[in-house]
Amino acid sequence: MNRLLKFSLTAVLIALLSACASGYPLNMSEEQWKSLTPDERKALLLKQQQYDEEQRLARIKANARERELQLQKEIAEKQRLQKLYDNPVNGNVLMVNILGGDYVRGKTLKQIMPETYDIALGEIKPIELPLQDAKNRYSQTETFYLQYNLNGNAVYLYLDHPESYGSQRIALLRDGNWQCGSRYKTSLDTSYKKLHKVKFFIKESGSRCLPNTHQKRYY
């Protein structure tokens, strides 16, 4: 085995196994680099360029595949949700009414204006909750997130995206009356935001309430 080939194989192995760059082509050590002739150095620089290009193309291919898979996943999820919205039976879709309450952020107090939202089983959706100031003037909306968990036994209202670190939530658990409608009143305190005595009404979309089963409940 000639000297150049020997160093080439050694350098490639080092490049694959080493976690940090040495500053020399293919992660060679300073001692290895200095032991090479100018022609050998030139050859390894070309090999480094080839290796870098191969890695760049591999990353492009991997990123493209990842984007393709993510797009397929998003399309499949949209199709799943659309089927539920098209056939809202057996608790597939809920109507979530937010009937009022207070929203505090820092020293600012806003009143929550009533609004209604539909959400399908397993869905997470951002909602714009309308707020008004103390003088009953509409002032802004605040983004929250609703989630109807996949097993169908709870609705969650998140202050931030559910995947955000430390995201706080209000949990509205199925109480057996969603077919006819259930009422809740609950609060959530955090270090930077507060929801105070927020009122909810949850009902299964498309459901038929049987006589004498409708009960108003507050929690």
Which order do you get for Cys180, Cys209 if you rank them by accessible area with a 1.4 Å probe, largest at the top?
Cys209, Cys180
Net charge of neighbours whose Cβ lies under 13 Å from the Cβ of Lys78, counting Lys and Arg as +1 and Asp and Glu as -1:
0
Students often forget the sequence filter, so: which aspartates and glutamates lie under 15 Å Cα-Cα from Lys135 once same-chain residues fewer than 8 apart are removed?
Asp102
So which lysines pass the test for Lys34, namely a Cα distance under 25 Å, with those fewer than 8 places away in the same chain ruled out?
Lys6, Lys42, Lys47
Taking R0 as 22 Å, what's the FRET efficiency between Phe201 and Gln111 from their Cβ-Cβ distance, rounded to 0.05?
0.80
In Å², nearest 10: area of Tyr103 left accessible to a 1.4 Å probe:
10 Å²
Surface accessible to a 1.4 Å probe, per residue, for the residues of region 23-86, Å²
79 Å²
Could you compute how much accessible surface His161 exposes when probed at 1.4 Å, giving the result in Å² to the nearest 10?
60 Å²
Residue-by-residue Karplus 3J(HN,Hα) for region 73-86, coefficients 6.51, -1.76, 1.60, Hz, glycine and proline x:
5, 5, 5, 4, 5, 4, 5, 4, 5, 4, 4, 5, 5, 6
Length gained, Thr141-Glu66, 0.36 nm per residue minus C-alpha separation, equals 23.6 nm
All lysines inside 25 Å of Lys78 as judged from Cα atoms, apart from same-chain residues fewer than 8 positions distant
Lys125, Lys203
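How much area per residue is accessible in region 145-202 when the probe is 1.4 Å and only protein heavy atoms are counted (Å²)? Before the final figure, lay out the partial values.
On the way: 2800 Å² over 58 residues.
Result: 48 Å² of accessible area for each residue.
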For Leu46, the accessible surface traced by a 1.4 Å probe with all protein chains present amounts, in square angstrom to the nearest 10, to 100 Å²
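The values are calculated or read from the model by the stated rules, or taken from the named source; none is laboratory data. Remember, it's a predicted structure, so these values are computed and weren't measured experimentally. Neighbour counts are summed over all protein chains in view; Cβ atoms, including those assigned to glycine, are modelled from backbone coordinates with ideal geometry. Heavy atoms of the whole protein, side chains included, go into the accessibility calculation; ligands, DNA and RNA do not. Shrake-Rupley method; radii C 1.70, N 1.55, O 1.52, S 1.80 Å.
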